[in-house]
Amino acid sequence: MTHALLISVFIIASCGLVYELIAGTLASYLLGDSVTQFSTIIGTYLFAMGIGSWLSRYIVRGLITRFIQIELAVGVLGGFSAPALFLIFAWGGLFRPALYALVLVIGILVGLEIPLVMRILKQQFAFKDLVSQVLTLDYLGALAVSLLFPILLAPHLGLNRTSLLFGLLNVLVAAWAFYLFREQLPQGGWLRGQCFAAIAALAAGFIAADRITALAEENLYADEIVIAHTSPYQRIIVTRWKDDFRLFLNNNLQFSSRDEYRYHEALVHPGLGSLPGARRVLVLGGGDGLAVREILRYESIESITLVDLDADMTRLFASHPLLTPLNDHALRSEKVHIINQDAFKWLAQNTEIFDFIVVDFPDPSNYSLGKLYTNTFYRLLEKHLAAHGAITVQTTSPLYARQSFWCIVRTLESVGLRVAPYHAYVPAFGEWGFALATRQPWQAPKHYPPGLRFLTAETTGPLFQFPPDMGPIDSEINRLNNQILVHYYEREWRQVTQ
């Protein structure tokens, strides 16, 4: 019995940390700014655990019954936390209050668990042994889950199934405790029924997890979802309405197939078109292959190295029959070499030189992305640029995120590059910004490859002109140790959406 309860400590510690990780991950997926979300959720959760530990002093009778009931409550609330929060967000509910209310309640219940276990076990151990045994298993359970969550649980089970699985483990601990102490429980039939009901509900939820996710996403996205996939790094959704395919990563729109040509022609051709005879190209990000499609229009190109962190993303856009027509099967070209690695690490480890570099990352909405817009990253980038080469960077909207845009421009200039900022109108996004960085003065292309639908040599010049409401404003350089760009970006886009 003693060993069974100690094993239960390991399990409930694992479950408690999983609910905390799920809440932080969900918040960063749906609200952005992962550092803020994880920091506030961890703080709230630890505070709630402290409240739970303090409240445990008031449980003086029926310790075993209360422990079983608390385990059942933690299992049901924690198990259904991810599906419930997904549905609340998708249906336009008060997501943030619901998130912190759940974190607070679950944290209080988790804070009650260990004190009650220690009081139940106090007859079996000396105090010093009791504390060391319980806390050792508690910390080991937390370690196990902290390793399993990013490597196995979140990428392969998904957040919904992970929370339901660990909720089921919590309930099974309650059922095991009921079995061990069944002769000491005066209301055994009622507790047994609660255990069976909780197990049945969580098992049904686990089986129906995909349907729950689909139900939430059907309400979240206006159009039919044709691809829904969770990679180790992000949730990939593709929707379709008539002939319009839209890609969403973690709920953020990446392109609409009806007008993405405007974005990708503007991203690639002002830079590459000014480099006659360019042979070697590097694309960072751009796992959808749409920038690669534009680069392949140039006959002089001999090799394209595409570095994108997410192997699932490049695999989908290289093989899925709904997606490959969008990039003209560009990722299957013999000229394209795909590397699935963190771009920052790859640049630091690689010594190749390129004539043209395209930087097509998502917007700097969190610190993981923000590091790819820092002067440290741009110094690495500059080392890989040929003497007469060019770099093009997508730089968010100069209209809606004006200070963010000019922050990126200033950061590029800070590493010694000449920067020509420009913008283009993309209906799905509005005015969108780019920066062309070179070592030599840039000369506008006199002609482009055939087949372009948006750019011409005559319409290129006006892209580099800014009206007063998008013109330069003071901005700090985005450095790795402060990531001021993430703060600019979050503030500006919050103002747009309010």
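The values are calculated or read from the model by the stated rules, or taken from the named source; none is laboratory data. Everything numeric in this text was worked out from a predicted model, so none of it was measured. Glycine also receives a Cβ, built like all others from the backbone with ideal geometry; neighbour counts cover every protein chain displayed.
Observations, loosely collected:
- Looking only at the range 301-324, and only at residues there that are of a type in the set (S, T, N, Q) and either surrounded by fewer than 17 Cβ atoms within 10 Å (Cβ to Cβ) or in contact with a Cys (Cβ under 7 Å, 6 or more places away or on another chain) (or both), the one that is nearest to Gln349 (Cα to Cα): Ser303
- Just one residue in the set Ile70, Ile51, Ile42 is farther than 20 Å from Ile11 by Cα and of a type outside the set (D, E, K, R); that residue is Ile51.
- Residue match in the range 97-119 (condition: hydrophobic (A, V, I, L, M, F, W, C), closer than 28 Å to Ala216 by Cα and without any contact (Cβ under 8 Å) to a residue 40 or more places away in the chain): yes
- Complete set of residues in the range 86-106 that are more than 17 Å from Gly16 (Cα to Cα) and either touching a strand residue (DSSP E or B) at 6+ places or on another chain (Cβ under 6 Å) or buried (at least 22 other Cβ atoms within 10 Å of the Cβ) (or both): Phe86, Phe89
- Scanning the range 346-360 for residues being within 29 Å of Gln403 (Cβ to Cβ) and surrounded by fewer than 18 Cβ atoms within 10 Å (Cβ to Cβ) gives a total of 1.
- Selection of the range 362-371 for residues being in contact with a Gly (Cβ under 8 Å, 6 or more places away or on another chain), crowded, with 19+ Cβ neighbours inside 10 Å and not hydroxyl-bearing (Ser, Thr, Tyr) yields Pro364, Asn366.
- Number of positions in the range 60-82 that are surrounded by 19 or more Cβ atoms within 10 Å (Cβ to Cβ), modelled with pLDDT under 90 and more than 19 Å from Trp176 (Cα to Cα): 0
- Each residue in the range 335-369 was checked for being out of contact with any Phe, Trp or Tyr (no Cβ under 8 Å at 6 or more places or on another chain), more than 23 Å from Gly273 (Cβ to Cβ) and either assigned to a helix (DSSP H, G or I) or charged (D, E, K, R) (or both), and 7 pass.
- The sole residue among Ala197, Ala154 that is small (Gly, Ala, Ser), at pLDDT 85 or above and either over 18 Å from the mean Cα position of the chain (by Cα) or not assigned by TED's automatic domain parsing to the domain that holds Met313 (or both) is Ala197.
- Consider the range 254-295 and keep the residues that are basic (Lys, Arg) and touching a Ser or Thr at 6+ places or on another chain (Cβ under 7 Å). The one that is surrounded by the fewest Cβ atoms within 10 Å (Cβ to Cβ) is Arg279.
- Applying a threshold of 9 Å to beta carbon distances and a minimum spacing of six or more residues, or different chains, the list of pairs starting in the range 143-154 at a residue that is under 14 Å from Ile11 (Cβ atoms) and ending at one that is of a type in the set (Asp, Glu) and surrounded by 13 or more Cβ atoms within 10 Å (Cβ to Cβ) is empty.
- Only residues that are in a loop (DSSP other than H, G, I, E, B) and on the phi > 0 side of the Ramachandran plot were counted in the range 269-311, giving 3.
- The residues listed here are Pro398, Pro441, Pro427, Pro462; of these, the one that is in the same structural domain as Arg279 (by TED's automatic domain parsing), surrounded by fewer than 17 Cβ atoms within 10 Å (Cβ to Cβ) and under 26 Å from the mean Cα position of the chain (by Cα) is Pro427.
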